[in-house]
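Following: one structure in structure tokens, then a few remarks.
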Amino acid sequence: GQTITRDIWLDDKLVRVAMVSVRVDPDPRHGVLVVGIDLSTQRGEVTNSARTYVLVGLGTLLLSGLAGWVLAGQLMRPIGDLREATGRISAEDLTRRVPVNADADPDLVELALSFNATLDRLEEGFVAQRRFLDDVAHELRTPLTIIQGNLELLDENDPEDVTQTRELLMDELERMQRLVEDLLTLARAGRPDFLHLQSVSVPDFATEVMSRLRPLGDRRWGCVSVAPGRITADRQRLIQAVVQLAANAVKFTDAGDEITVSVRWDEPAPPVRARCMHTDRYLAVAVQDTGVGIAPEDQERIFERFGRTDSARRVDGSGLGLAIVSAIADAHGGTVQLESEPGEGSTFTLWLPGPAEVGADLDDDLTEIPDADKVQPVQG
Ligand code: ADP
């Protein structure tokens, strides 16, 4: 009446044996049913399967690790290249650029492109600064050589020579001082504090400009069309620019020649407009002279630092005036336009972006002032 289970070794095999006492009705005798299972074979199969699973698992792990390593390497290579390239770039050599691999991740391509664009701007700034320093050194060398030469030749025992040399040196020092001041203005031109913007009344500005121009020289000064309205600008810098243009006009005209100033709201021609900040209307401040004019091939060059024409060699100047005017116009978001014919005269026009919303007062008729004498100088 019992069931017994036992593991027994049989011919080197582990066998699990179950013995159950049985009786088959109607036979009254008891019998024993013995069932044996070969455990060794079963366990061997399980062990084999487990080994196979472990091996396959290890192989898969190894393969995926290898694939991951290769993939990660491929993904990281552009970053590595970027790091290597950035490491090679220094202030001394800004010409290097990060290689842009179009097949790489779009974010990395974008990063490389914007890094290169930053380098472009930096290089531009460094080159401009270096050129600026070269120009300054070159321009300051001449007056310094003159001063040194004159001092070396000075006869201290000759009072007349001392007086003459003193005058000459004072003259030269004054020129140097003007040069340094102009250079400082140009150096400040890119800085945010270059302009002190304020709302400027255009007619008041025109009146003040005219009062400053007359003492520049014996010319027939005229002021046509003074526009109404106001503009946001740096009044002092604008006056400086117009006075510079007028001083140039005086230099390249003769006594009694006509120099005309006009201040009007106008629309620049498309090429000039393209150089300005976009707005609805522009204030045009023009200085027109009837002087020697400028040859077409020189018209761009004269706006560069120290850019002068051959005809200007006989007149005093440093070649910085128009560069300053240009910088002032640029800082206002505008530009300078030059129209000139050799022998006929020149017109320099300062284009300044005006108010985006045109006030009703700007649509008034322009005030005609044919004679500058009628413009009252502003005191103070
Ligand atoms: P600077 O007058 O000190 O030489 P600018 O930058 O003011 O320097 O002018 C650069 C050059 O442009 C001048 O040397 C001259 O050759 C030319 N220029 C400027 N204004 C006029 C003008 N109104 N008429 C003729 N030439 C001019």
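The table below lists the values:
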item	result
Span per principal axis, largest first, for the Cα atoms of the chain (Å)	157, 68, 39
Residue-normalised accessible area of the range 110-154, expressed per residue, 1.4 Å probe, Å²	73
Selection of GluC sites (Glu not before Pro), the range 75-166, meeting DSSP coil and at most 11 other Cβ within 10 Å	92, 156
1.4 Å probe accessible area per residue over the range 203-297, in Å²	42
HN-Hα J in Hz across the range 305-322 - Karplus 6.51, -1.76, 1.60, θ = phi - 60°, x for Gly and Pro	4, 6, x, 9, 8, 4, 5, 8, 4, 6, 9, 5, x, 10, x, 9, x, 5
Computed accessible area, residue 38, all protein chains, 1.4 angstrom probe, square angstrom	50
Structure-based [θ]222 nm, the chain - -39500 (n - 2.57) summed over DSSP H runs of at least 4, per residue, nearest 500	-16000 deg cm²/dmol
Calculated from backbone phi, Karplus (6.51, -1.76, 1.60) coupling profile of the range 58-67 in Hz, x at Gly/Pro	4, x, 4, 4, 5, 5, 5, x, 5, 4
Residue-span extension gain [residue 138 to residue 279] - 0.36 nm each, minus C-alpha spacing	46.7 nm
With every protein chain in place, the range 174-297: carbon and sulfur % of accessible area (1.4 Å)	51
Amide H contacts of residue 200 (H built 1.01 Å from N, under 5 Å, at least 5 apart or other chain)	231, 232, 233
Listed peptides 30-36, 74-80 by packing density, highest first (mean Cβ within 10 Å)	74-80, 30-36
Assigned charges on the beta-carbon of Lys, Arg, Asp, Glu; the chain dipole about Cα centre (debye)	2740
Cβ-based charge dipole, the range 16-148, positive-most Cα from 117, 136, 99	99
Ranking by accessible area, most exposed first, for 54, 98 with a 1.4 Å probe	54, 98
Residues whose placed amide H lies under 5 Å from that of residue 258, excluding near-sequence neighbours	220, 290
Sequence ranges 100-106, 62-68, ranked by mean other-Cβ count within 10 angstrom, highest first	100-106, 62-68
Apportionment of accessible area to carbon and sulfur, the range 2-77, percent (1.4 Å)	66
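The values are calculated or read from the model by the stated rules, or taken from the named source; none is laboratory data. Just so it is clear, the structure is predicted and the values come from calculations on it, not from any experiment. A quick note on method: Cβ atoms are made from the backbone with ideal geometry, for glycine too, and the neighbour counts reach across all protein chains shown. The area values use the complete protein model at the heavy-atom level, side chains included, leaving out ligands, DNA and RNA. Shrake-Rupley method; radii C 1.70, N 1.55, O 1.52, S 1.80 Å.
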